[in-house]
1. Treat every Asp and Glu Cβ in the protein assembly as shown as -1 and every Lys and Arg Cβ as +1, leave all other atoms uncharged, and give the resulting dipole magnitude about the Cα centre to the nearest 20 debye.
2. Using a 10 angstrom Cβ neighbour count of at most 14 plus a DSSP loop assignment to flag exposed trypsin sites (Lys or Arg not before Pro), which longest range of chain A is free of such sites?
3. Which value results when the Cα radius of gyration for the range A:43-157 is divided by 2.2 N^0.38 Å?
4. Amide H of B:Asn189 versus every other amide H placed in the peptide plane: which residues, excluding those fewer than 5 positions away on the same chain, fall under 5 Å?
5. Compactness ratio of the range B:239-370: Cα Rg over 2.2 N^0.38 Å, N = residue count?
6. Compute the signed sum of charges (Lys and Arg +1, Asp and Glu -1) over the other residues within less than 14 Å, Cβ to Cβ, of B:Phe117.
7. Please state the relative contact order of the range B:221-363 as a whole percent: Cα pairs under 8 Å, 6+ residues apart?
8. Given the range B:170-302, report the % of alpha carbon pairs whose separation exceeds 17 Å.
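What follows draws every value from the coordinates through simple rules; no lab data is involved. This one's a predicted model, so the numbers in the text were calculated from it and none came from an experiment. Positions of Cβ are backbone-derived with ideal geometry, glycine not excepted, and every protein chain shown enters the neighbour counts.
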Amino acid sequence: MTLKTVERFALIAAWAAVIVGFGIALPGVFLTWTNFSVMFASQAPAALLALALIVPLTAGDYDLSAGATVTLASMIIGVLNVNLGWPILPAVLVALAGGALVGAVNAFFIVLFRIPSLVVTLSTASLITGLVQWMSNSSTIGGIAPGLVDAVSGGQLFGIAYAFYYVLLIGIVLWYVLEYTPLGRRLLFVGRGREVARLVGIGVGTVRAGCLITSGAIAALSGVIYAGLLGAADPVSGLNFLLPAFAAAFLGATSIVPGRFNPWGAIISVYFLSSGITGLAMLGIPMWVTNIFNGAALLLAVTLSQLVRGREETDYA
Amino acid sequence: MRGVIQTAALATVLTWGGASWAATAEEGVARAKAQVEAHRGSPKFVAPGPAFDIKACAAGKKMLSIPNNSTNPFLKGIIDRMIRAKDDTGLEVVEWQNQGQPSQWVQGMEFAAKNKFTAINLISGIDPKTIEPQIKAANAAGIKTMVSHFYDPSQPVNPLVSSSVAIGFNAVGKLLADWTIAKTSGKANIVIIKSDEVPPTAPLVKGITDELAANCPDCKIVQQINVGVTEWGTKIQPSVQAALLANPTVNYVIPIYDSMSQFVVPAVALTGKAATVKIATFNGTPFVIDYVQQGKVEMDIGESIDWIARATVDAHLRDMCGLAVPKELNVPFYIFDASNAKEAGTPATFDKGYGQDYVEGFRKIWKTAP
């Protein structure tokens, strides 16, 4: 077994070790189907957000507005469905379109005016946050239609709430596009070297814009799922998913397809980190320890990956 | 024979001990039920002090009100109502809008000093010790700094502030504990969700633990989960899920501030425990009272923000005019559960459900009643 094969599956092995460790420490409690089914469903918004981030990250752009887009989408549903009495389906569609629009606005400034993505998305994140506070009067809106709640957390398949299957679906689509289509290759070229990509005739601006719009739409889907899980639209907490989602995206880039942002790595990272949090919480360990667990896991994984890969180019270096 | 006597004596002791234990437990449940019942009646106005001519007192005075964060609808609502109450009180109230950053509070203090305000009101969440140099400067400029809805009566008040009207967070904790004792007939197994960084948390949680110790020998706090305010959205749900799965005997979750409950409700639902695990909480935020109406939250202890606004203006004007200042806001806590949550409106609003008794009550002691 080569070192690179070890690297490829190291995160899965670490996840397995965490599961076995907590399984031994918490007999009959941690290693239960209920625990994992609950975890798979409740982490779906975080996993979708991580998937949203890896698309522009692959093309070399940061989307710091994705967390705010989660909040915006759930609040659009809250306002339209609860406050204005819209049926849930049009409200969801407007929320998804809103996410895509955020991506388009980001792309407009990033691609057309050549402003760094970090600056533009930082600005739009702040702008959206203000917009959401205005829309919601900074208050949670409860009472979202049961139709969405049923479609996200009410119904189950193989004992796991539907929320998880939206993650799988987006994961499969991204995996297929990134791995098996010319578009995926173009995206990778743009991320690794914009000038080279431009010189070989790739429409760099179009690819980057497409990535940002996709990111906005997937982040909005995360917001829709979040609203369905809570049965409410919360004006702030989507923002707090952003940094953990970035952590999962980077952690995921050390596994499965090491050196590249990839959907399975990102999804596994989210569930690896949440397994740690769940196990620690079950042991009654204070919550601050979970932040240390998350930070240490990311730092360790990226460092080990860097050691294995030496000077080889990566998406995140 | 001796053995028989010893056994009989032991049995007698055990029986008496058991009987007394049972009696203690029953008495505790009875006390808890009485406390709960006391907070279910229509809230009654209690005068915070002797009557005074509020408009004469307020003439020419203005107060800058600095909330912990202007995006908090609870605090913004209180200040808006203090401003609107000017017709009754005569006091001009100005809000210092901010986003919860201490540097903005500092700016507000300096604004008050430069613009000749009579008093500064730090409302619900600004710890005076974070802006002591500015309070000293305000004192030197003859501007009194007052604190409202922040300290529990058991907590020492910062000596730099002119006065404080406290709110009984400890009493809220006791009432939450009494609710779980009464509802489980003394068999509550509780998970508490708290945020230790917020100053009212300590007296509130102490109220829960003290009341359980006093009234419920068989009740247990299974786990206390401390989650920072900025992490509510990401940490409460997974930690509650973990706690419920690890401890199947849990029958109550107490998120001590009710905005936490939006993350507790899905945790209870996803773990399939909605039938056995109930949620009791505090603040009376409208969307949580909606949850009570929908059966997702069992009870929410509320307080009227219009009542708080009037009680705050009353207390601060007494201070500005050299009268005796009440130590507490005296705004009653009122329990919303399935039986009365609709009184708060559908959807619920901040002021409905508490009656109008206090409006006339204040007008009488302010000598503004027609």
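1. 700
2. Details: sites that count: A:Arg114, A:Arg311.
Longest run free of exposed loop sites: A:115-310.
3. Details: Rg = 15.2 Å, N = 115, 2.2 N^0.38 = 13.4 Å.
After normalising by residue count via 2.2 N^0.38 Å, the value is 1.14.
4. When sequence neighbours closer than 5 places are left aside, the close amide H contacts are B:Lys220, B:Asn251, B:Tyr252.
5. On the way: Rg = 18.6 Å, N = 132, 2.2 N^0.38 = 14.1 Å.
Rounded to two decimals, the normalised Rg is 1.32.
6. Working: positive: B:Lys61, B:Lys62, B:Lys114, B:Lys116, B:Lys144; negative: B:Glu92, B:Glu95, B:Glu110, B:Asp319.
Local charge sum for B:Phe117: +1.
7. 20
8. Values: 4593 of 8778 pairs.
The proportion of pairs with Cα distances above 17 Å equals 52 percent.
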